[in-house]
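The values are calculated or read from the model by the stated rules, or taken from the named source; none is laboratory data. Since the model is a prediction, treat every value here as computed from it, not as a measurement. No Cβ is skipped: glycine too gets one built from the backbone with ideal geometry, and neighbour counts run over all protein chains shown. Just so you know, the surface numbers come from the protein's heavy atoms only, side chains and all, with ligands and any DNA or RNA stripped out. Shrake-Rupley method; radii C 1.70, N 1.55, O 1.52, S 1.80 Å.
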Amino acid sequence: QVQLVESGGELAQAGGSLRLSCAASGLAFHVYHMGWFRRAPGKERDFVAAIPREGDNAFYADSVQGRFTISRDGAKNTLYLQMSNLNPEDTGVYYCAATAILFLSRDRRDWDYWGQGTQVTVSS
């Protein structure tokens with residue numbers, strides 16, 4: 001049974017930083033591309049960042065480029081999202097996702113497994 005469990009979401013001040021974690025189990029972590037999505041209040045679940053199963057050729061949504069960094073630790077089967085210079089528009093539920101398709105995708109329909117999400121709230 002695949003499980004993706006996010007943690008690290010909390011209330012933060014604008015300009016501050018947070019690090020989210022996603023612990024993966026029940027899957028061969030090294031086989032999967034991993035990603036982060038978020039659902040802002042009243043909006044769809046949107047792409048934030050993704051990292052391939054191999055290498056470091058990650059890519060990001062324009063809105064977080066230069067502020068967020070995605071990384072993965074194969075020894076711990078854990079995905080991370082380091083978020084800095086936060087602003088209120090970063091508020092939302094952040095979801096970890098995994099996909100075994102050949103290419104990385106920004107489309108949430110291409111992702112196979114999802115976590116339950118962790119709430120990030122940024123106050124101004």
With respect to Phe37, is the statement that it is under 16 Å from Gln119 (Cβ atoms), outside any loop (DSSP other than H, G, I, E, B), out of contact with any Leu (no Cβ under 7 Å at 6 or more places or on another chain) and open to solvent by less than 30 Å² (accessible area, probe 1.4 Å) true? yes
Being at pLDDT 95 or above, in a strand (DSSP E or B) and open to solvent by 70 Å² or more (accessible area, probe 1.4 Å), is that true of even one residue in the range 66-75? yes
Considering each residue of the range 34-45, count those that are touching a strand residue (DSSP E or B) at 6+ places or on another chain (Cβ under 6 Å) and either among the β-branched types (Val, Ile, Thr) or without any contact (Cβ under 8 Å) to a residue 60 or more places away in the chain (or both), and give that number. 1
What pairs come out if I take residues in the range 1-21 that are surrounded by fewer than 17 Cβ atoms within 10 Å (Cβ to Cβ) and pair them with residues that are among the charged types (D, E, K, R) whose C-beta lies under 7 Å away, six or more apart or interchain? Gly8/Arg19
Would you point out the residue of the range 93-109, among those that are surrounded by fewer than 15 Cβ atoms within 10 Å (Cβ to Cβ) and over 18 Å from Ala24 (Cα atoms), that is modelled with the lowest pLDDT? Leu102
For the range 24-34 the number of residues that are small (Gly, Ala, Ser) and open to solvent by less than 30 Å² (accessible area, probe 1.4 Å) is 1
